[in-house]
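Chemist: Quick one: this structure, given as structure tokens, is what I'll be asking you about.
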């Protein structure tokens, strides 16, 4: 019973994090780290699973990824043995 309520609390926290980060952005480097690599991030971009923007005009503008999209696509760490 305790395990079920612990999971419910974790689910509420996860939903709260996603809700609070919907107006925040991550850089390219941070997004790559969180989702598990450049290729995975590029695939998520192609599949429209993450929203992103690269402001037009200057060659050195930063990529901006919607934080909640990145967080909802984090690759889980491998289980420790």
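Chemist: Working from the alpha-carbon coordinates of the range 2-72, get Rg over Rh, Rh being the Kirkwood radius.
Modeler: That ratio equals 1.10.
Chemist: So how tilted is helix 2-20 from the main axis of the chain? Cα-based, degrees 0 to 90, rounded to 10.
Modeler: Once rounded, the angle reads 20 degrees.
Chemist: Beta carbons within 10 angstrom, averaged per residue: use that to sort the peptides 36-45, 15-24, 51-60, highest first.
Modeler: 36-45, 15-24, 51-60
Chemist: Relative contact order of the chain: what whole-number percent is it, with Cα pairs under 8 angstrom and at least 6 residues apart?
Modeler: Value for the chain: 37 percent.
Chemist: Return the distance in nm (one decimal) between the two label points of a simple spin-label model at residue 39 and residue 19, each offset 7 Å from Cα along Cα→Cβ.
Modeler: It works out to 3.8 nm between the two label points.
Bear in mind that the values in this text are calculations on the coordinates, not laboratory data. Keep in mind that what you see is a predicted model, and the values were worked out from it rather than measured. Note: ideal-geometry Cβ built from the backbone for every residue, glycine included; neighbour counts use all protein chains shown.
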